[in-house]
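Trainee: Shown below is the structure under consideration.
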Amino acid sequence: MKAYEKRDYPVSEVRRFMEPGPIVLVSSAWRGDTNIMTMGWHMVMEFVPSRIGCYIWSENHSFGMVRDSRQCVINIPTVDLAPKVVGIGNSSGRDIDKFTRFGLTAVQGAKVEAPLIGECYANFECRLVDSSLIRKYSLFVLEVVKAHVAASPRYPRTLHYRGDGVFMMSGANTSRYRKLFKPQNL
Ligand SMILES: Cc1cc2nc3c(=O)[nH]c(=O)nc-3n(C[C@H](O)[C@H](O)[C@H](O)COP(=O)(O)O)c2cc1C
């Protein structure tokens, strides 16, 4: 296998290679209001308890709602929701009710007050378990306390952001390399 020839690349742009986890919609509720934001900057932090780290910009309305309620729901949209995903990211819950504007169904959760989005393939109810990095890094450390996932398809077509208005849509899967894995990495 040949090594790639490379050129210098702006460090501010490396996010384009690191981002493509699924784009998610974060729903929240606080003092009678609900809201939704689009999010690409998240990471898995632990198996058990199931922990996820998220970056929420301090200027977003969702920032105060998630910080103060200490809860949210991470919803996984599929490609058919792409125009709504962009629209939700282009607007602020300070100005509009995004459930109404984007025709999405707020479904009551089991463990948190924040609503699930009915049209999303999966919904993960989360509690904020560490707020110590919010002020410095806008990093919210969440624990998933309840998960709701559609029975099929097994591998939904999700959206993955490459920056500059380009989405990758999840496609082919292979288990050809499964036998190479150490069991604990499966
Ligand atoms: C594809 C995409 C990914 C985004 N990822 C993030 C993110 O990871 N963190 C963040 O704070 N904002 C992100 N945004 C921007 C927010 O979704 C946007 O600021 C939104 O309007 C915030 O809504 P709110 O003010 O109602 O909270 C993203 C937007 C798009 C379109």
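The values are calculated or read from the model by the stated rules, or taken from the named source; none is laboratory data. Note that the structure is a prediction, hence the values are computed from the model and not measured. FYI the Cβ positions are ideal-geometry reconstructions off the backbone, even for glycines, and counts take in every protein chain you see.
Trainee: Based on what the data block shows, is SER12 in contact with a strand residue (DSSP E or B) (Cβ under 7 Å, 6 or more places away or on another chain) and of a type in the set (Ser, Thr, Tyr)?
Mentor: The answer is no for SER12.
Trainee: Filtering segment 1-21 down to residues that are acidic (Asp, Glu) and assigned to a loop (DSSP other than H, G, I, E, B), which residue is surrounded by the most Cβ atoms within 10 Å (Cβ to Cβ)?
Mentor: GLU19
Trainee: May I ask you to list pairs of residues, at least six apart or on different chains, whose Cβ atoms are under 7 Å apart, with the first in segment 44-60 being under 16 Å from CYS72 (Cβ atoms) and the second being within 16 Å of the ligand (Cβ to nearest atom) and polar (S, T, N, Q)?
Mentor: Filtered contacts from segment 44-60: TYR55/SER138; ILE56/SER62; ILE56/SER138; TRP57/SER138; SER58/SER138.
Trainee: Right, something else. When residues of segment 35-69 are filtered for being in a strand (DSSP E or B) and either of a type in the set (Asp, Glu) or more than 13 Å from the ligand (Cβ to nearest atom) (or both), how many remain?
Mentor: 4
Trainee: Just for segment 162-186: of the residues that are of a type in the set (S, T, N, Q) and exposed (fewer than 10 other Cβ atoms within 10 Å of the Cβ), which one is nearest to PRO77 (Cα to Cα)?
Mentor: Going through the qualifying residues, I end up with ASN173.
Trainee: Any residue at all in segment 97-109 that is modelled with pLDDT of 95 or more, basic (Lys, Arg), away from the ligand (no atom under 16 Å from the Cβ) and surrounded by fewer than 21 Cβ atoms within 10 Å (Cβ to Cβ)?
Mentor: No: zero hits.
Trainee: Could you please let me know if PRO115 is in contact (Cβ under 8 Å) with a residue 12 or more places away in the chain, of a type outside the set (Phe, Trp, Tyr), within 11 Å of the ligand (Cβ to nearest atom) and over 21 Å from LEU133 (Cα atoms)?
Mentor: So PRO115 fails the test.
Trainee: Quickly run through segment 70-93 and pick out the residues that are more than 9 Å from the ligand (Cβ to nearest atom) and closer than 14 Å to THR34 by Cβ.
Mentor: GLN71, CYS72, VAL73, ASN75
Trainee: Also, quick follow-up: Can you tell me which of (1) away from the ligand (no atom under 16 Å from the Cβ); (2) in a loop (DSSP other than H, G, I, E, B); (3) in contact with a Lys or Arg (Cβ under 9 Å, 6 or more places away or on another chain) is the one ALA172 doesn't meet?
Mentor: Unmet condition: (3).
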